[in-house]
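Before any comments, here is the structure.
The values are calculated or read from the model by the stated rules, or taken from the named source; none is laboratory data. This is a predicted model, so every value here is computed, not measured. Note that each Cβ is placed from the backbone with ideal geometry, even for glycine, and that neighbours are counted across all protein chains shown. Accessible surface is based on the protein model in full, side chains and every heavy atom, while ligands, DNA and RNA are left aside. Shrake-Rupley method; radii C 1.70, N 1.55, O 1.52, S 1.80 Å.
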Amino acid sequence: MDASIWVFGYGSLMWNPGFPYLRSMPARMHGVRRALCIRSTHYRGTPESPGLVFGLDRGGSCHGVAFEVADADREAVIAYLRAREQISMVYHEVVRPARLSSGETVGALVYVANQGHEQYAGGLGFEEMLAIIRRSAGEMGPNRDYVTATLRRLQDMGIRDQALERVVLALTMPGP
């Protein structure tokens, strides 16, 4: 019998997974929270002007999307995710429990912020975070678009993320 694996997305994976999957559903992971805590020097920034992307940081809980991946696609999907998420090894690749909207709990592959990495940016002040997002762009486009698309995906799923709503609202206001 083939066994599928699950992948938990909490940032761009929610709206741009880039890999084949059998099904997806809203899910929640406890003990970690979505935070703009990773300096991006590729996708949403450059080495000279890093952007900010999401990482799972300690504490709270995080709503996201769980993707079920067929066993036949397991190796290719993991290789793809490692190439995408582990460019600079800023994340720990772990399997953590995720509670699916169906009520089932599954072990899901997820990328958690490495607080000891030089690109970890936890604890930034709100205005500093906004300034970074406003000015940054990388090979995947403006940092602002990434943040906004993540909020839009959560809203499409009927999930409120008040901290992210506050960031996006502030981004629509003229900045310094």
Quick one: count up the residues across region 117-128 that are over 16 Å from Val32 (Cα atoms) and open to solvent by 30 Å² or more (accessible area, probe 1.4 Å). 7
I need a count of the residues in region 116-133 that are in a helix (DSSP H, G or I) and under 14 Å from Ala163 (Cα atoms). 4
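Regarding Val53, is this residue in contact (Cβ under 8 Å) with a residue 40 or more places away in the chain, part of a strand (DSSP E or B), more than 11 Å from the chain's Cα centre (by Cα) and crowded, with 21+ Cβ neighbours inside 10 Å?
no
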Could you list, in sequence order, all residues of region 150-169 that are touching a residue at least 40 places away in the same chain (Cβ under 8 Å), assigned to a helix (DSSP H, G or I) and crowded, with 17+ Cβ neighbours inside 10 Å? Thr150, Arg153, Leu154, Leu164, Val167
Arg99 vs. criteria among the charged types (D, E, K, R), touching a Lys or Arg at 6+ places or on another chain (Cβ under 6 Å) and either open to solvent by 70 Å² or more (accessible area, probe 1.4 Å) or within 21 Å of Arg23 (Cβ to Cβ) (or both): yes
Quick one: how many residues across region 62-82 are within 13 Å of Val7 (Cβ to Cβ), open to solvent by less than 10 Å² (accessible area, probe 1.4 Å) and not in a helix (DSSP H, G or I)? 5
Cβ-Cβ distance below 6 Å, separation of 6 or more or different chains: which pairs start in region 74-92 with a residue that is touching a residue at least 40 places away in the same chain (Cβ under 8 Å) and end on one that is of a type in the set (Ser, Thr, Tyr) and in a helix (DSSP H, G or I)? none
